[in-house]
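The values are calculated or read from the model by the stated rules, or taken from the named source; none is laboratory data. For clarity, every value in this text was computed on a predicted model and none was experimentally measured. Every residue, glycine as well, gets a Cβ built from its backbone with ideal geometry; the counts of neighbours run over all protein chains shown.
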Amino acid sequence: MKPEIIRVTAPEGRITARITLPSSKSISNRLLIMNALSGNKIRIRNLSSSNDTTVLLEALQPGKKEINVGNAGTAMRFLTAYLAVTEGEYVLTGSERMCQRPIGKLVQALRQLGADIEYLQNEGFPPLKIRGKTLHKQEAEIDGSTSSQFISALLMIAPVLPNGLTLKLAGKIISHPYINLTLKLLKMAGIESTYSGNLIRIDPQPYRETEITAEPDWSSASYWYSIAALSGECLITIRDLPEASLQGDAVIARHFATLGVKTEFTPEGAVISRIPVSCSVFEENFEDTPDMVQTFVVCLGLLGIPFRISGAQSLRIKETDRIAALVNEMKKLGIALTEPENGVLEWNGHKEKPRPGPLRFST
């Protein structure tokens, strides 16, 4: 099939827009698992229509024994824990790339609780055969620097374990905001927890009947912030975007302020505009919000601001190797990224002239 050519040009004059964002899939996916564990006691409003959420919603339908999640990494991780405590025998698989993404640390932690999980091909990777049952053990340990989705998957099943869960996070803990997001959503559904040092304790307790609304997605807001940063003048209203958000990605408002994007929260949502600032070098650790790395790398490159971005190591094991993809695609813009150490991306501000003609980006 002949590649589609899309010509992109900068608008002339002031950019004015009123935007309605999609809802957060991070919140939606957690609520779907919590609702299933509660016996459908949680009414979810503003559920995400993302592919990941659609896949998870379909997988949770009664009678599913063979489940293919495609590229939906969140669904793979959350379902691994959910099915381990759900009576029955299941096969959980995904796309070719999904079966190359490690899941061994989550499986190991679930086995510590007594889960019956078998690797059907390669040790430590999907596909999995899961024989769901009641898990009576209550203590597990997992690497704190692993995917926060592994940790969240364990926390959400904790209330239905007969003896609850004491989860030890070994080593350095990253992605704190996503762990806290899960604990806050659990509290909204009536689940109490204690999180002290590297230990999280959740006693056995019932999910309560409640209604929870998924917030607009702060990750999606990042693209509008990027447009604002690259504009000469703008006034963009992002409807219903909350200042006091459950989402860790809300920190982008502070990061983009460094690049001259002002945020004002009103009853209607967030109003963002462009103000003059001077930023000679941008340095930030994105360990807690790795999904924001791509947006900032592209935006900083186009602004011509040298940068050092760290904390991006988890991007290697996403649906694609996002670090390699960034290096390859930015090179087409004449921007040569370097990775001096694992999870660190740097650019010295020197820009080569892109080759003439249309640029073809891999999406």
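Points worth noting:
- Helices (runs of 4 or more DSSP H) contained in the range 15-100 and holding at least 2 residues β-branched (Val, Ile, Thr) and touching a residue at least 24 places away in the same chain (Cβ under 8 Å): 25-38, 73-84
- Near pairs, Cβ below 7 angstrom, 6+ apart or cross-chain, from the range 120-147 (touching a residue at least 40 places away in the same chain (Cβ under 8 Å) and among the aliphatic types (A, V, I, L, M)) to any residue that is outside any loop (DSSP other than H, G, I, E, B) and surrounded by fewer than 14 Cβ atoms within 10 Å (Cβ to Cβ): LEU128/GLU118
- Taking the range 331-363 as the range and being within 30 Å of ILE173 (Cβ to Cβ) and touching a residue at least 12 places away in the same chain (Cβ under 8 Å) as the test, the residues that pass are LEU337, GLU339, ASN342, GLY343, VAL344, LEU345, GLU346, TRP347.
- Taken over the range 299-330, the criterion of being without any contact (Cβ under 8 Å) to a residue 24 or more places away in the chain and touching an Asp or Glu at 6+ places or on another chain (Cβ under 8 Å) is satisfied by ILE323, VAL327.
- Matching residues, the range 266-309, being of a type in the set (Asp, Glu) and modelled with pLDDT under 95: GLU287, ASP288, ASP291
- Residue within the range 232-246 that is within 21 Å of the chain's Cα centre (by Cα) and either closer than 30 Å to LEU113 by Cα or not assigned by TED's automatic domain parsing to the domain that holds PRO290 (or both) present: yes
Conditions tested, residue by residue: (1) in contact with an Asp or Glu (Cβ under 7 Å, 6 or more places away or on another chain); (2) among the aliphatic types (A, V, I, L, M); (3) over 26 Å from GLU89 (Cα atoms).
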site	(1), (2), (3)
ARG131	yes, no, no
THR134	no, no, no
ASP143	no, no, yes
ILE151	no, yes, no
ILE157	no, yes, no
VAL160	no, yes, no
LEU167	no, yes, no
ILE174	yes, yes, yes
TYR178	no, no, yes
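- Failed criterion for THR237 (all others in (1) of a type in the set (Ser, Thr, Tyr); (2) part of a loop (DSSP other than H, G, I, E, B); (3) touching a residue at least 40 places away in the same chain (Cβ under 8 Å) hold): (2)
- Candidates are the residues of the range 4-38 that are of a type in the set (Lys, Arg) and surrounded by 11 or more Cβ atoms within 10 Å (Cβ to Cβ); the one that is farthest from PRO62 (Cα to Cα) is ARG14.
- Condition met for GLY232 (out of contact with any Cys (no Cβ under 9 Å at 6 or more places or on another chain), at pLDDT below 95, crowded, with 16+ Cβ neighbours inside 10 Å and not basic (Lys, Arg)): no
- Identity of the residue in the range 36-74, more than 21 Å from THR210 (Cα to Cα) and among the β-branched types (Val, Ile, Thr), that ends up modelled with the lowest pLDDT: THR74
- Flag if GLY171 is under 20 Å from the mean Cα position of the chain (by Cα), more than 23 Å from LEU83 (Cβ to Cβ) and not aliphatic (A, V, I, L, M): no
- In the range 261-310, the qualifying residues are those that are small (Gly, Ala, Ser) and under 29 Å from SER147 (Cα atoms), and the one that is surrounded by the fewest Cβ atoms within 10 Å (Cβ to Cβ) is SER310.
- Under the condition of being touching a strand residue (DSSP E or B) at 6+ places or on another chain (Cβ under 6 Å) and within 19 Å of ASN68 (Cα to Cα), the residues counted in the range 117-149 number 10.
- Which listed residue, of ASN29, ASN35, ASN68, is in contact with a Gly (Cβ under 8 Å, 6 or more places away or on another chain) and under 25 Å from ILE103 (Cβ atoms): ASN68
- Verdict on ILE212 being assigned to a loop (DSSP other than H, G, I, E, B) and touching a Lys or Arg at 6+ places or on another chain (Cβ under 9 Å): no
- The criterion of being in contact with a helix residue (DSSP H, G or I) (Cβ under 7 Å, 6 or more places away or on another chain), crowded, with 16+ Cβ neighbours inside 10 Å and over 16 Å from ILE142 (Cβ atoms) holds for PRO177.
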